[in-house]
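Note sheet for the following structure.
The values are calculated or read from the model by the stated rules, or taken from the named source; none is laboratory data. Keep in mind the model is a prediction, meaning the values are calculated, not measured. Protein only, heavy atoms only, side chains kept; ligands, DNA and RNA dropped before computing areas. Shrake-Rupley method; radii C 1.70, N 1.55, O 1.52, S 1.80 Å.
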Amino acid sequence: MLSQKRVLQVIVLYAFNKQVNNRKAAVISTGVNIFSKGIAFFNTLVISFFFGVQNATDVYFTVIGLTALFCTFVNNLDYFIIIPEAIRLRQQKDESQSRAFVNSFFSIYLVIGAIFTLIIFLNPVFIFQNFSKIPQENLSSHKLLLLAAGPIVFLQLINGLLSATLSSYRFFILSSITSLANGLCAIFLTIALHHDLGINITILGIVIGYMVSNSILIYVLKSKLNWKFSEISFQGHKRIWKSIFYIQMNVLPVFIRSYVVVYFMSGMGESLITCLTYAQNIVIIPEAFVLSQLFNVLGIRLSEFAAKQDIARTKDMNYRIISILFTLMIPITAVLMICNTDIVKVLFFRGNFSMENAQLVSYCLFYLALLLPTRIPDILFVKLFSSYMLHRYSSVLLSFCHILITLGVIVGIRYYGLYGYFIAILLGYYFLMPLTGLLILKKKLPQLLDIRIAKFLLACLIAIAACIPVLYLLNKNIVIDNSAIHILLQTAVTFVLFISMLILLRQKTELYNHVRWVFNRQIHEQKAD
């Protein structure tokens, strides 16, 4: 069993320097993560308060979306290829070769960033006119926002690799803290100078934030690790480039679909890309604080069982993960859907944010919330296939699924607009992806198929189907002027009703036992390990 102490030890091992106390490390890790996510979301609230929804915000979020998409595609190599190979070289050969290998990619990223920046600076309007559907007159009116895309790509590429490199030396706290610089700089400068420079100051704050954080990361590399960036070697890259090709080919369909969404949404009328971004930032909150946190804890144990080829315990862990996360995420999803208008009012309806904008954000929030439960099997399948070394087989089938979903998104947007996009995504992630994941399991790991999970999901489906009419009637008939109190009341009622229905359907709930199993001290297993 996984004890609390063992969880802390694993967190320390992967996140912090060895000298940091276990319990202190866990507290700092959680605190930094929560503060970081909170700052990022608060930056969105600041933007909505001062600028509301307008052409400038559409350009801003399009620039941020496209640059983040490109950098994520490139920085995907950091943890999948570059850092694992650097650690291998460090352990099997020597520190010098490892650093020379990492430095070779620093130089590659510098070249990519410099070329991208130069292209943007030469003709920003032409570039974004061809990579988005924002009208040319809107782009021409906000050239400074477009010009900032070049430095952001340049700095973000380097920041990603610097953070990954320091994490491999257990300087995880530092890299997390420096990631706050972007949000904090953007928030402070926006509040101070929004009257003079408008939303331009927000994107300049992000650029300054990256410069500050990169300076800190480079200083630590040089002062604490005696890092020499002049040591560069491209030896042995042939094998690495082959791995890079396969990794990026797997990511490419998702990258294309994300780009297609930004491309079409940026041209579907003023305010749509901004409102969609606001809704996405709301949905990210439960995903970051519930899914990510629990998967980080439970996923570690899952990887340990898979490494030992312990099928029985892996199967049991899958059941526990599914039980805990669906019990939490289904009520959260229901609240986001039922109280979507109230949530948007509480978070955004102030400053320059209009009622018309609130209605569009609420509409997007309703459908995006529906996607939340699909993230559970999606992440679980990826972790399972990775743990059991099914990369090649699973990548081919999952990539094919992403291609089909991308085609569905294109067709949906083309003929039905925003509604078509949501339907295509929901169909893909509720049916196509889970069925493909089950097909891979049945083919390669049939022993992990568990009838208990099917029974539990059926119980969840019946429970929420029984709860929805009651919750809907309560939402319509109980009028509370204070939206925040209404949301809290609806949340409490939703959780009580849903869990009560699960107890009724299954005679007893195992959630308490699952949580206790994860966090309770298990002294006898510590001795056995």
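With every atom except the alpha carbons ignored, what do you get for Rg and Dmax of segment 50-197, in angstroms?
So, for segment 50-197, Rg and Dmax equal 18.1, 57 Å respectively.
Could you give the semi-axes, largest first, of the ellipsoid that matches segment 365-459, computed as the square roots of 5 times the alpha carbon gyration tensor eigenvalues and rounded to whole Å? Write out the running numbers ahead of the final one.
On the way: eigenvalues 137, 57, 19 Å².
The equivalent ellipsoid of segment 365-459 has semi-axes of 26, 17, 10 Å.
Using the 2.2 N^0.38 Å rule of thumb for compact globular proteins, work out how segment 454-501 stacks up: its C-alpha Rg over that value, please.
Details: Rg = 12.3 Å, N = 48, 2.2 N^0.38 = 9.6 Å.
Rounded to two decimals, the normalised Rg is 1.28.
Restricted to Cα positions, what overall size does segment 168-230 have along the principal axes? Three whole-Å values, descending.
So the three principal-axis extents are 44, 25, 14 Å.
Over segment 313-433, average the accessible area per residue using a 1.4 Å probe and give it in Å², no decimals. Numbers along the way, then the final one.
Numbers: 4940 Å² over 121 residues.
Heavy-atom SASA per residue in segment 313-433 reads 41 Å².
Between segment 191-242 and segment 42-81, how many Å separate their Cα centres?
17 Å
How many percent of the accessible area of segment 353-437 is carbon or sulfur, using a 1.4 Å probe? Please list the in-between numbers first.
Values: 2790 of 3940 Å².
For segment 353-437, the apolar C and S fraction of the accessible surface comes to 71 percent.
Short version: ³J(HN,Hα) in whole Hz for each residue of segment 225-231, in order, from phi by Karplus 6.51 cos²θ - 1.76 cosθ + 1.60 (θ = phi - 60°), x for Gly and Pro, what are they?
So the Karplus estimates, Gly and Pro as x, are 10, 6, 6, 10, 6, 6, 7 Hz.
Carbon-plus-sulfur fraction of the accessible area of segment 222-295, 1.4 Å probe, in percent? Display every interim value, and only then the final one.
Details: 2360 of 3800 Å².
The computed percentage sits at 62.
Whole-Hz ³J(HN,Hα) for each residue in segment 84-93, computed from phi via Karplus 6.51 cos²θ - 1.76 cosθ + 1.60 with θ = phi - 60°, x for glycine and proline: what do you get?
3J(HN,Hα) across segment 84-93, in whole Hz: x, 5, 5, 5, 4, 5, 5, 7, 8, 10.
Would you mind calculating the gained length between L144 and N482 on full extension (0.36 nm times residue separation, minus the Cα-Cα distance), in nm to one decimal?
Details: separation 338, 0.36 × 338 = 121.68 nm, distance 4.05 nm.
Full-extension gain reported as 117.6 nm.
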